[in-house]
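Just below is one structure, and these are the notes that go with it.
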Amino acid sequence: MKPSLSFAVRKFLLPVCGLALVLASPARATVTEPDNTSLPQPAPAAEISVVTSRGFLASDDTLAGLFTIRGENIDPVKDAHQTPGTFSPQCGFTGQIVLHGGGCANALGWYNVTTGSTTPPPAAQIYTLVPANLKQPPPNGISCTDGDFCPMAQPNTNPGQVGQHTWVVYSWNASSIASNPNYKGGQVGFALIGNSGQCSQTKYSQAELNTISTKYGVPWVTTLIYQSTVNPSAYYIAYEDLPMPASDWKGGGCDGDFNDFVFYVTGLDCQGGGVDCPTGMPGICADGTTQCSNGGMTITCEPNLKKATEVCNGLDDDCDGTVDNPDAPNLCPTGQVCSQGTCVFPCTNNEFPCGPPTVCDSADGLCKDPSCVGKMCGSEEVCYQGICIGGCKGVMCPDGQVCRLGNCVDPCANVTCDSTQVCDNGVCVAPCSCRACPTGQTCLKSGSCVDTGCDKVTCHPPSTVCVKGACQDGCQGVVCPTGQVCSGGECGIPDGGIVVPHPDGGVPTTGTGGTTGTGGRTNTGGTTGAAGSSATGAGGTGAGGTSMAREGGITTCSCDTSSGPGAGGLALLLAALGIASLRGRARAGVPRGRRQ
């Protein structure tokens with residue numbers, strides 16, 4: 001705004017403690033007016049004089065000051081953009097005026113975007129988001145003249161803090177655009193709605209809708225857009241409030257400092273943002289969401305969970321490709337070792353002996369079947385009587401489950417979310433009403449995405465599940481972890497015990513003798529011996545139980561995975577899964593059906 005006394009005297013801006021007047025930035029401008037004027041321009045000296053005479057800091061009149069006080073790493077010149085000019089609204093949509101440098105009363109509105117159109121929407125189709133008639137009581141005795149928007153800062157009178165201010169937040173909960181009956185379901189734009197006074201021109205976030213220069217044949221720049229560095233789904237939209245005539249952008253009094261109206265709008269994604277994507281990273285960093293940068297010109301896949309310190313939990317927390325990396329510092333408390341996602345005290349041959357027939361491996365302090373000492377298994381596998389079982393390679397879990405540590409689990413089983421979120425694969429996220437479901441899926445009232453048609457079909461999980469609009473057997477297409485079978489839509493250890501493949505990977509021969517035992521394990525192709533006995537046949541030793549067998553044919557000794565020789569059982573593995581289910585990530589955008 002041009003710093004005439006009538007308007008400059010009304011400049012009130014958010015404070016920034018201890019900042020000096022920001023002059024022209026040496027940074028190369030990202031945005032310029034058609035006449036090559038760099039934007040934003042420094043605030044005029046007359047404005048600064050009025051601001052300081054009112055007891056505010058000179059920096060209170062700058063975009064740089066605004067961004068600093070809000071903890072943003074934003075350069076007003078280098079990081080200025082005119083894009084993205086359109087956005088995809090999400091639920092929880094909020095608007096907040098964070099800086100107002102003039103006396104004009106203008107509302108912020110939104111409108112439905114017409115793709116390819118360069119014609120502004122009719123005034124009746126611009127819907128108010130932040131009202132124009134905002135009033136706030138004068139803070140600490142600073143009076144507001146008629147028509148002013150009172151400052152959102154007040155002098156700090158505490159001794160030793162002269163010149164600093166207390167930031168008074170002034171914000172509103174705006175109605176959700178996504179639930180507004182006027183919303184047509186596509187992209188939206190924002191407009192500073194012109195009033196009946198001096199600030200009569202409506203300014204649009206879409207650059208192509210603003211007044212076109214008669215000299216240059218392209219629109220004047222009326223709006224600058226900054227993406228928040230604190231919250232990537234939030235944007236600062238900065239406007240000049242006075243008119244920009246077609247003949248000269250300065251003709252209506254604009255000064256180009258873009259501090260007249262600055263709105264902070266949250267719950268937004270640029271076109272192409274907010275979509276599920278694979279990051280290509282291992283561990284908990286594998287699943288991501290597309291995110292906009294560089295004014296919406298660049299779309300990146302950012303991990304939903306950032307890498308963290310590796311802990312013993314059955315997950316690759318530091319995203320280095322190794323689950324529960326034994327080389328990670330402080331993986332377990334002093335004196336304990338990590339076994340199947342749980343820190344346990346190591347076995348010894350005296351104080352903590354292993355239950356027979358397992359033995360204590362002095363190399364790592366884990367109880368093992370003698371046949372597993374020296375046995376190396378693959379990632380997430382365990383050794384059972386000399387054979388590697390479990391693991392997630394090639395596993396296709398039942399619907400709604402994922403493979404963790406060689407077992408199919410419901411990752412949301414132990415997760416509780418607040419009323420504004422839903423659990424998706426172990427993580428609390430916004431409901432799908434706030435973000436579009438992938439093609440071929442529909443958003444349920446519960447906030448989850450399902451295959452289109454499944455919102456109208458009633459199945460009875462886990463025995464039957466809905467896939468592409470039809471109920472099917474819950475075990476159809478399921479490939480359980482080695483040692484387990486699918487029954488009733490769930491993978492688990494069968495009543496006869498763990499299903500173990502032939503040690504050499506070939507087709508096992510048929511054993512003879514023995515009967516089904518509750519503690520034994522089943523050898524494919526043979527019969528099952530009673531717990532605690534063995535059955536010898538022409539094909540060799542059948543899968544009879546042994547004295548180490550307990551409930552389901554497993555033991556409760558400590559065990560390890562690919563970091564060393566396999567363990568003597570799966571009990572700790574299964575226990576660890578309850579911990580693992582609290583972590584992990586695969587958003588609701590992942591199609592329902594078999595998940596690996």
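In table form, for the structure just shown:
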quantity	calculated
Mean separation of Cα contacts under 8 Å, 6 or more apart, over the residue count of segment 420-473: relative contact order %	22 percent
Other-chain or far-sequence residues with amide H under 5 Å of residue 244's (modelled H)	none
Distant-in-sequence amide H partners of residue 129 (H built 1.01 Å from N, under 5 Å)	108, 109, 110
Pairwise label distance in nanometres, residue 470 with residue 35, each label 7 Å out on the Cα-Cβ vector	6.9 nm
Ranked 276, 60, 260, criterion: other C-beta atoms within 10 Å, fewest first	276, 260, 60
For segment 420-473, alpha-carbon Rg over 2.2 N^0.38 Å	1.16
Model label zone, residue 309; criterion: amide N under 12 Å from point 7 Å along Cα-to-beta-carbon; scope segment 321-355	329-333
Under-5 Å amide H pairs with residue 366, H placed in peptide plane, nonlocal only	347, 361
Fraction of the pair-distance distribution of segment 61-141 above 20 Å, Cα-Cα pairs, percent	55 percent
Unsatisfied cross-links (Cα-Cα over 31 Å) in the set 184/445; 184/468; 78/184	78/184
Residues 368, 393, sorted so that the one with the fewest Cβ neighbours within 10 Å comes first	393, 368
Descending Cα extents along the principal axes, segment 354-489, whole Å	56, 32, 24
Cβ-based exposure ranking for 493, 299, in which fewest neighbours within 10 Å come first	299, 493
Per residue Cα convex hull volume in Å³ - calculated over segment 249-391	171 Å³
Centre separation in Å (Cα based) which lies between segment 270-300 and segment 83-128	25 Å
Backbone HN-Hα couplings from phi across segment 261-277 [Karplus 6.51/-1.76/1.60, Hz, Gly and Pro as x]	9, 10, 10, 10, 10, 10, x, 10, 9, 6, 4, x, x, x, 10, 4, 7
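Each value in this text was obtained by applying a stated rule to the coordinates, not by laboratory testing. These numbers were taken from a predicted model, which means no experiment stands behind them. FYI the Cβ positions are ideal-geometry reconstructions off the backbone, even for glycines, and counts take in every protein chain you see.
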